[in-house]
Structures are given as structure tokens and as C-alpha cells.
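Accompanying notes for the structure given below.
Coordinate-derived values only; no laboratory data. Since this is a predicted model, take the numbers as computed values, not measurements. Methodologically, a virtual Cβ is constructed for each residue, glycine included, from the backbone with ideal geometry; neighbour enumeration extends over all protein chains shown.
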Amino acid sequence: MNYFELFELPVSLKVDVSAIAKKYFELQKKYHPDYYSNASEEVQADVLEKAAHINKAFKTFKNPDETIKYVLMQKRLLEEEEKYQLPPGFLMEMMDLNEQLAEAAFDGDDNLAAVKMSMENAEKEIYSPVQSIIENYKEGETTETDLLKVKEYYYKKKYLNRLKEQVK
């Protein structure tokens, strides 16, 4: 059972986490291992597995990037440890940001603030072309071409997130 089926949701690239939280607590209560302490070992093992599946699904839904990754993997458009080739222009921009980040480490907070702003702008720039696709995804209607654009966005965002981690 996939995560969307588990939470009785339509497949979506962007989920309402607050609405999902209610369903999560409902499922957690229903499948909490403590309620099955007197059940057979087989039932206890099944419940434990179900509870772990529920937790993993909720963790995925709480992270927008992980939700996108999950949907793309379900569609077999993305593979774990895939060697995705990002466009050279994007990589050049990221190299420039990385250099700015290295310089800011020596120059102080003013330059660091400028680099953070550049990163925020880069994030908006990569999201803009796929915003409508992500926010209006419809199972069976959104084309594979559009999903491949989302895949590129996913990898660009992943790259940008690695740079952002250096700032923290």
C-alpha cells in the first residue's frame, strides 16, 4: 500500500500537512503496538510493521522535497542514487554561489547575508517554472513531460539545499 492510499489521499506533489496530521494520529492510535501486546507474535509483527510504515509516510509528507521524491519514485521517473545530469548553466550558477559562500566565510556577516539572499533568489528561480505543476498536480492528467520538469527541479533544489547547509 503506498503512502497516499494509507492516508486515503489523492496522489499529490504538495500535501496539506495539517490535514494529514489528523489522519496520522488516527492511524497511530489504531495501529499502536501497545494495543496489541496480548495478540499473537504474528499480529504484533504486522502491527509493528504497519506503525513503521505510517511513521515513514508521515515523515515523507512533512518534507515537501521528500513528497516530490516519493511521487516521482512511485511513477518510476526517479531512482535512488540516480546520477542525474543537471544543466551546465545551473551548475555554473551554483559554482558561483559556492565561491561567494567561501568568500563570505572570510569577509563576515554582510557578505553572508548577500549570499543567503542569492540562494533564496535561486530557489525562487528554480521553483517558478514548476510551481503550477506542483500545486495543481492531477493524477492521470499531469503529463510525464511535466513530471520530468519536476524531477529536474527536485535535483536542482537538492543541490541548492547542500549549499544552504554550509551556511548554517
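Side notes on the structure shown:
- Computed per residue of the chain from DSSP H runs no shorter than four, each worth -39500 (n - 2.57), the mean residue ellipticity at 222 nm is -23000 deg cm²/dmol.
- Computed over every Cα-Cα pair of region 93-148 and binned at 10 Å starting from 0, the pair-distance distribution P(r) comes out as 21, 33, 20, 18, 7, 0 percent.
- Efficiency of FRET from Cβ geometry, residue 128 and residue 59, R₀ 30 Å, rounded to 0.05: 0.60
- Shape of region 1-122, Cα gyration tensor, a/c cut at 1.5: prolate
- Each of 132, 113, 145 was scored by the projection of its Cα onto the charge dipole of region 97-168, and the greatest displacement toward the positive side belongs to 145; charges sit on the C-beta of Lys, Arg, Asp and Glu.
- Estimated dipole of the chain in Debye, rounded to 20 [Cβ of Lys and Arg +1, of Asp and Glu -1, Cα centre]: 400 debye
- Angle between the chain longest axis and helix 88-107 axis [Cα atoms, degrees, rounded to 10]: 80 degrees
- Degrees, to the nearest 10: 41-62 long Cα axis against longest axis of the chain: 30 degrees
- Estimated dipole of region 88-167 in Debye, rounded to 20 [Cβ of Lys and Arg +1, of Asp and Glu -1, Cα centre]: 280 debye
- Between region 20-37 and region 138-168, the Cα center-to-center distance that results, in Å: 32 Å
- Sparsely packed loop sites in region 63-119 (the trypsin sites (Lys or Arg not before Pro) outside DSSP H, G, I, E and B with at most 10 other Cβ atoms within 10 Å) comprise 76, 83.
- Within the shell defined by Cβ-Cβ distances under 14 Å, the residues around residue 26 carry a net charge of +4, with Lys and Arg each +1 and Asp and Glu each -1.
- Note on the chain: GNM, Cα springs under 10 Å; of 106, 58, 90, the largest mean-square fluctuation is that of 106.
- Rounded tilt (10° steps) of 144-167 against the dominant C-alpha axis of the chain: 70 degrees
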